[in-house]
Structure formats: structure tokens, C-alpha cells
Amino acid sequence: MTIRAVVRGVGHYLPERVVPNAEFEDRLDTTDEWIRSRTGIERRHFAAEGETTSDLGAKAALAALKDAGIAAAEIDALIVATSTADYTFPSAATMVQDKIGMRGGFAFDVQAVCAGFVFALANANAMILSGQAKRVLVIGAETFSRILDFTDRGTCVLFGDGAGALVLEAAEGGGTSADRGILATDLNSDGRHRELLYVDGGVSTTQTTGHLRMQGNQVFRHAVEKLAATAHAALDKAGLSGADVDWIVPHQANLRIITATAQRMQVPMERVVVTVQDHGNTSAASIPLALSVGKARGQIKEGDLLVTEAIGGGLSWGSVVLRW
Ligand code: UT7
């Protein structure tokens, strides 16, 4: 008997305010045409004043619990992947735990920036396989609008706010790649590259929140090379190849990166879930948002083989192969 972490429910939440590219044309030397053609982004959502990461995360979590038909009280562990928690501490996860009325179990944040959801999924999987938890709520929630420098056209047009969530539950599998659930994970970091993508403030440095700084074209170069490599590594561990993939559900940073990665994996774009046009880059929220939207669109169906892959500040990058 093999224990698998199987997806029981998925949900998402996007703040009401939609910001089209045109809004940036008034205050910056940029155009809707440049943003669309260089990134694929057409619009993004920004949280309202006073709306926090844990607010978004709690709404996504409740949607996922509803989809799963599982009560908050039945969850053993709650993980929030985020780099934009409400406070320095406590964790966004304990705040979400309170907001969804989950009184038992345990909750903590995972911080691997845009790769955070992949890292959180791998941790949830490990907790389920070890018997530490039976049901885990894994949430990606971000308010990157709070750390953008709105005078820097190279970064502020790229990011958005949102949240997505998955409910994972332990189930018995046959031990083959035909099982539902998480089949393989691959995680990587290389701290030498921290200056390519970072926030220039923090608790033990400036005692300020700081703003996001990125050498976009350098990150782009690493992304194209590392994302296909990590996806292949995870597929190899599962004994599968690109030909077995029903859906790539990539981190949604840039359509050109998504396309280049799919090409390297020899997976046609018809089998890639793309939401970057509507959400922008929502960091750790982008993959669970794409999973939820992909299911709602009727793209992702039970039994489909999915590969998620993401890269972000650190650099940190990784991939999860799962059968939905
Ligand atoms: O989620 C975490 C991982 N992050 C990513 O994956 C982001 C990776 N990087 C990217 O997506 C792309 O590198 C960007 C979209 C950020 C930039 O695209 P690029 O094709 O790499 O452009 P570039 O940075 O090489 O800049 C090309 C030109 C520059 O002008 P000059 O120096 O050639 O005159 C930039 O100043 O485009 C200019 N530029 C803009 N022009 C109009 C940069 N931002 C803008 C803008 N509007 N918003």
C-alpha cells in the first residue's frame, strides 16, 4: 500500500479591483502594447485598502473547503506560501486559521517567493506521507501591490494580488504513476543569485518593508533554463515524460517564459493552463489560482496528469507532478 496526497478541493479569490495595462500609461513611460507583447499581461487585480494577504487567503481557503465538502475542523495542517504576510509575525497561516474558524491542528508559512506554492505542496506531501497529517490545506496568497515601486516601469506592471488554495487528503494508492495524487517533487535553491530578485528592506536590515527589485532579463534567462530542467527532473522521478503530461500548470510570470518552457518540454501550448493575461504575476498564488481557474474552465479533469513549475527570488525553483 502506498499513501498518496490526493487533491480533494480547489478554490481561489481575486480582489475586486481590476487594473488594466492602460492605467500605467498615464503615470509611466510605458504602453499597453509593450506590456502585452513582452509579458502577455493584460490586467491584474489589486487588493483594496485594508484588504490583507490573510483576507485573500481565507477566502480562497473557504472556497477550496467548500469544493472538497470538508469542514475547517477536519483539517490537520494549514500552510500559507507567501512573501507578503500581513505582519512580520505571526504567520499569515495562523491568521487564515483563525479567519476560517479552524481551532485545532497547526499552521505555518512557507517563504520561497514565487516558488512558494511548489515548496508548500512538497512539504504538505511529506507531512502526509510521514503520517503527520491526513488533511492539509495548502494556500498561496499574496499582495505584491504593497511592495511595488510604482515609479519603476520594469517591475510595477508585472505583479498582481490574489490567492488560491488546495485541500490535500491522504489516500491509498497502488504505488504506480496511475495513482491519483502527488507523484513526485523536485525542489532547488541557489542563494548566490539573491541580487537578481529581492526586496530592499526587512526586519534585520532596514526595519522597513522595502520595495521589489529585479534584474528582469537575468531572471528570465535563469527561468527558461531551470524550469524545464526541474519539470523534467520531477517527471523522471515519477517514471514519466513530457508525452504523458495532460496539463502544464506553470507559474504565471511571463507568457514568453511559459511558452519557452513548454517548447523545451515538447508539450504543445494547447496543454498549458495560462492565466497570466488576467492575473499578472501573483507570486506564490499564481499556481493555485491557475489550478482553480483551469478546473473551472473545464480544462483540468479528474485523472489528468499535471506538472507545476515555478521560479522566484533566492533563486528558488521547483516542480510537482500530480495526477488530479
Ligand atoms: O516571478 C518571479 C520570476 N520573475 C520573472 O520570471 C520575470 C522574468 N523577466 C521578465 O519577465 C522580463 O525580463 C521582463 C518582462 C521583466 C522584461 O522583458 P525583457 O524583454 O527582458 O526586457 P528588458 O528588461 O531587457 O528591457 C528591454 C527594454 C529596456 O529599454 P532599453 O534599455 O532597451 O532602452 C527597458 O528599459 O524595455 C524597457 N522596459 C520597458 N519599456 C516600456 C522595461 N520595462 C518597460 C515597460 N514599458 N514597462
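Quick check: is even one residue across segment 229-242 over 17 Å from I182 (Cβ atoms) and within 12 Å of the ligand (Cβ to nearest atom)? So far as segment 229-242 goes, no, none of its residues is over 17 Å from I182 (Cβ atoms) and within 12 Å of the ligand (Cβ to nearest atom).
Can you pull out every residue in segment 297-312 that is within 19 Å of A141 (Cα to Cα) and either of a type in the set (A, V, I, L, M, F, W, C) or more than 16 Å from the ligand (Cβ to nearest atom) (or both)? Outline the logic, then answer.
First pass over segment 297-312, keeping only residues within 19 Å of A141 (Cα to Cα): 308-312.
Scanning segment 297-312 gives A310, I311.
Would you say A253 is more than 28 Å from A61 (Cβ to Cβ), within 16 Å of the ligand (Cβ to nearest atom) and surrounded by 18 or more Cβ atoms within 10 Å (Cβ to Cβ)? When the stated conditions are applied, A253 does not pass them.
In segment 27-55, the residues that are within 27 Å of H12 (Cα to Cα) form Cβ pairs under 7 Å with partners that are assigned to a loop (DSSP other than H, G, I, E, B) and hydroxyl-bearing (S, T, Y), at six or more places apart or across chains, as follows: T53/T82; T53/T84. Only a single item in (1) touching a Gly at 6+ places or on another chain (Cβ under 6 Å); (2) more than 30 Å from R43 (Cβ to Cβ); (3) assigned by TED's automatic domain parsing to the domain that holds R8 is not met by A163, and it is number (2).
Out of all the residues in segment 177-193, which are exposed (fewer than 12 other Cβ atoms within 10 Å of the Cβ) and in contact with a Leu (Cβ under 9 Å, 6 or more places away or on another chain)? Within segment 177-193, G191, R192 qualify.
The residue pairs whose first member lies in segment 210-223 and is near the ligand (Cβ under 6 Å from one of its atoms), whose second member is of a type in the set (G, A, S), and whose beta carbons are closer than 6 Å, counting only pairs six or more residues apart or on different chains, are G216/G154.
R180 falls short on exactly one of the conditions (1) closer than 24 Å to L227 by Cα; (2) touching a His at 6+ places or on another chain (Cβ under 8 Å); (3) not aliphatic (A, V, I, L, M), and that condition is (2).
Residues of segment 199-218 include none that is in the same structural domain as G313 (by TED's automatic domain parsing), acidic (D, E) and closer than 24 Å to L121 by Cα.
What number of residues in segment 1-52 are in a strand (DSSP E or B), more than 30 Å from A122 (Cβ to Cβ) and within 16 Å of the ligand (Cβ to nearest atom)?
Let us first name the residues in segment 1-52 that are in a strand (DSSP E or B), namely 2-13, 17-20, 43-46.
Okay, now just the ones that are also more than 30 Å from A122 (Cβ to Cβ), so 17-20, 43.
From the residues that got through so far, the ones that are within 16 Å of the ligand (Cβ to nearest atom) too are 19-20, 43.
The qualifying residues number 3.
Count of segment 161-197 residues, restricted to those that are part of a strand (DSSP E or B) and under 22 Å from the mean Cα position of the chain (by Cα), is 20.
Please tell me if A77 is touching a residue at least 40 places away in the same chain (Cβ under 8 Å), more than 13 Å from the ligand (Cβ to nearest atom) and crowded, with 23+ Cβ neighbours inside 10 Å. So A77 passes the test.
Does T31 fit the bill of being surrounded by fewer than 16 Cβ atoms within 10 Å (Cβ to Cβ), touching a helix residue (DSSP H, G or I) at 6+ places or on another chain (Cβ under 7 Å) and either outside the structural domain of Q97 (by TED's automatic domain parsing) or not aliphatic (A, V, I, L, M) (or both)? Yes. In the condition set (1) over 24 Å from V276 (Cβ atoms); (2) surrounded by fewer than 19 Cβ atoms within 10 Å (Cβ to Cβ), D149 is compliant with all but (1).
The values are calculated or read from the model by the stated rules, or taken from the named source; none is laboratory data. Just so we're clear, the structure is a prediction, and the values are computed from it rather than from any experiment. Glycine also receives a Cβ, built like all others from the backbone with ideal geometry; neighbour counts cover every protein chain displayed.
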